[in-house]
Amino acid sequence: MRSGPVTLLLSAFLCATGCSDSGGEGETGGAGATSGTAGTTGGTGGATGVTSGVTSGTGGATGVTSGVTSGTGGATSVASGSGGAGGGTGGAGGAEARVPAASASTMREAGEKANPPILIGAAISGSGLNDNGYKSVAAAEHNYVTAENEMKWNAVEPNAGQFSWGAADNIVNWAVSNRMQVKGHTLVWHNQLPGWASSLSGAAQVEQAMRRHIEGVMGHFKDRVHTWDVVNEAVLTDSDTGVGNPRMRPSVFFNALGEGFLDLAFEIAREQDPTAKLYYNDYSIDALNEKADFVYEMVKGMVERGVPIDGVGFQMHIGPPNNEAGGADVAANLRRFSDLGLEVLISEMDINRCSNQVTAEEQLAYYHDIVEACFQLPKCVGITFWGINDGRSWLNGWSGALCNGQSSQSLLFTDQYQKKETYNKVLDALLGR
Ligand code: G3I
C-alpha cells in the first residue's frame, strides 16, 4: 500500500483516537478461494443483473488459488486462474472469489467475462455525448452509466411537481441503445436542489416533496433504470477527508425529518420498484476512517431495522480535497460492509494529481490496488469512473481540488481519447494481473 501524506496524517489521527486500522484485527485471507467452480447462477443477493450475461472462460478449471493477502488490516483473498466452463447470469452470491477473464482488450470485456461479472461504469455528461470520440470510448469501455448531473433534482424537477426529462432521457436512451445499464443519480441529496426545494420546511412539506420526487423520477425511468443512489452524502465530517466529528449532515431533509429521512426515502423507493437495487452513496468513506465508521454503523442500523437498502457506493474520489486510501484499507472496508449482506460498489472513482499531493507513481498504484480490492470481492458489483477524459473532469474547475487552472490528470483517457498508463493499471487489475 502506498501512503500519501493525507493517508499518513489520517493514520496518525486514527491511532490517536483509538481506532484500529492496521494489523491487529485483520482477517487473514482466510476464505481463500476455491475458484474454478464457476458457473453458479444467480446466487442470492447477486450482482445487479448484468444485461450482457456472462460467458466466462471456456476451457476448464485451472482455478489456481493463491489466497494471498493480509498485510495490514487486510482481508482479501485472491483468486486467479481461468474459471470453469459456464458463467452464470450475474449472481454474486454463490461465488467465493471472482475469477478474471483469461484476456480482454477492453475494460468492458474484462468486466463482462469475469465470473461473476463486474460492471464497468463512467459518469457521462450530456455535452460529452456531442463528441464522437467521447461517445465511442465511453460505449466501448463501459457497460454502466451514471449521469454526471442530468438526473439530479435541479435538472429533473426544476419547478415543484413539474418534471423535465430531456437531458436525462438523452443519456439514458443512449446508454440503453449501447446495452449499458444505468444507475440513477441521485434521488435525495442536499446539493443541486432547486431553490424551491431548498426552502421547504416542516416534516409534512418535506416528506410530500420527497415522495413526489422519488415516485416521479423512478416512475419515469422504471423500464430503463434498475439501480438507484437513493440517498447521497448524508454524513458530514469537519474535514472532507472523512476525519473529525462525524455526524448527520444538516439538510432540508435531515432538518425536517431527522435521521429517519433515510429510512423513509428507501421505503418510498422500494414501494416504487420492488426489484430495483437501492444504494446509499458517499465520499471519503473509502478506507478505514471516522466517516466510514459512522456510515458503517448508520447502514448497519438500517439493515437491522429491515430498511430496504441493497448496497453502498464508495465514491473513491482520491486526492485533494478528499481522502487517500490504499488498496488494503479499501479491501478491508469494502469487506466489512459486504459482510452486512450488502452489495458494495466503487461509484465515482478519480484520482486527483493537482498540487502533487498524489504523485504519478502513487496514482498508478492506487488505481491498480483499489480496483483490485473491488474485483476480488464478488459482492463488489461495479466500478464507475467519474468521467472519461481528463479535460472534462469536474476537479479541474473546482477550487477545493487545488488545480489552479491545471488539469487534474485524474482519469484513464487523454483528451484525444488515448489510453493512459492509469488505464493499463486498471485493466491489469481487472485481469487479475
Ligand atoms: O449548468 C450550469 C450552467 O448553466 C452554468 O452556466 C454554470 C456556471 O457555473 O454552471 C453549470 O452547472 C454546473 C454543473 O456542474 C454542470 O456543469 C455547476 O456550477 C457545478 O457546480 C456542477 O458541478 C457538479 C458537482 O457534482 C456539483 O456538486 C459536477 O459537474 C459533478 O461532477 C459533481 O458530481 C458529484 C456527484 O454528483 C456526487 N459526488 C461528488 C461528485 C463530485 O463533486
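The values are calculated or read from the model by the stated rules, or taken from the named source; none is laboratory data. If you're wondering where the values come from, they're calculated on a predicted model, not measured in any experiment. Positions of Cβ are backbone-derived with ideal geometry, glycine not excepted, and every protein chain shown enters the neighbour counts. Keep in mind that these areas ignore ligands, DNA and RNA; they rest on the heavy atoms of the full protein, side chains included. Shrake-Rupley method; radii C 1.70, N 1.55, O 1.52, S 1.80 Å.
Net charge near VAL137, counting Lys/Arg +1 and Asp/Glu -1 over other residues with Cβ under 13 Å of its Cβ?
Net charge in that neighbourhood comes out at +1.
Compute and list, largest first, the equivalent-ellipsoid semi-axes of region 147-197 from the alpha carbon gyration tensor, each √(5λ) rounded to a whole angstrom.
With the √(5λ) rule applied to region 147-197, the semi-axes are 22, 11, 7 Å.
How large is the accessible surface per residue of region 361-415, computed with a 1.4 Å probe and reported in Å² as a whole number?
Ligands and nucleic acids excluded, the figure is 32 Å² per residue.
For region 376-433, what does the equivalent ellipsoid look like in terms of its semi-axes, each the square root of 5 times an eigenvalue of the Cα gyration tensor, given largest first in whole Å?
Its equivalent ellipsoid spans semi-axes of 25, 14, 9 Å.
Rounded to the nearest 10 Å², what accessible area does SER355 show when all protein chains are kept and the probe is 1.4 Å?
Only protein atoms counted, so the area is about 70 Å².
Heavy atoms only, probe 1.4 Å: what % of the accessible area of region 189-250 goes to carbon and sulfur, would you let me know?
Carbon and sulfur: 46 percent of the exposed surface of region 189-250.
Between ARG247 and SER201, how many nm apart are label points set 7 Å from Cα along the C-beta direction?
1.9
For labels at LYS222 and GLN192 in the simple 7 Å Cα→Cβ model, what's the distance in nm?
2.5
With a 1.4 Å probe and every protein chain kept in, tell me what percent of the accessible surface of region 107-153 is carbon plus sulfur.
Percent of accessible area from carbon and sulfur atoms in region 107-153: 43.
Keeping all protein chains in the complex and leaving out DNA, RNA and ligands, what accessible area do you get for MET107 with a 1.4 Å probe, in Å² to the nearest 10?
0
Accessible area of GLU207, 1.4 Å probe, to the nearest 10 Å²?
It works out to around 60 Å².
How much length is gained if the chain between ASP428 and TRP165 is pulled fully straight, taking 0.36 nm per residue apart and subtracting their Cα-Cα distance, in nm to one decimal?
Value of the extension gain: 90.8 nm.
Region 247-337: D in µm²/s via Stokes-Einstein (Kirkwood Rh, Cα pairs, 25 °C, 0.890 mPa s)?
The estimated diffusion coefficient comes to 174 µm²/s.
Starting from the exponent 0.38 and prefactor 2.2 Å, build the expected Rg for region 147-257 from its residue count and divide its actual Cα Rg by it.
Here the Cα radius of gyration is 1.14 times the empirical estimate.
Would you work out what percent of the accessible area of region 301-423, with all protein chains in place, is carbon or sulfur (probe 1.4 Å)?
46
For ASN173 and ASN404, what does the FRET efficiency come to when R0 = 41 Å and r is the distance between their Cβ atoms, rounded to the nearest 0.05?
Computed FRET efficiency for ASN173 and ASN404 comes out at 0.60.
On average, how much accessible surface per residue is there in region 94-151, in Å², for a 1.4 Å probe, leaving out ligands, DNA and RNA?
For region 94-151, the per-residue accessible area is 26 Å².
Grab the Cα-Cα distance for ASP415 and GLU215, subtract it from 0.36 nm times how many residues apart they are, and report the gain in nm with one decimal.
That pair, ASP415 and GLU215, stretches by 68.2 nm at full extension.
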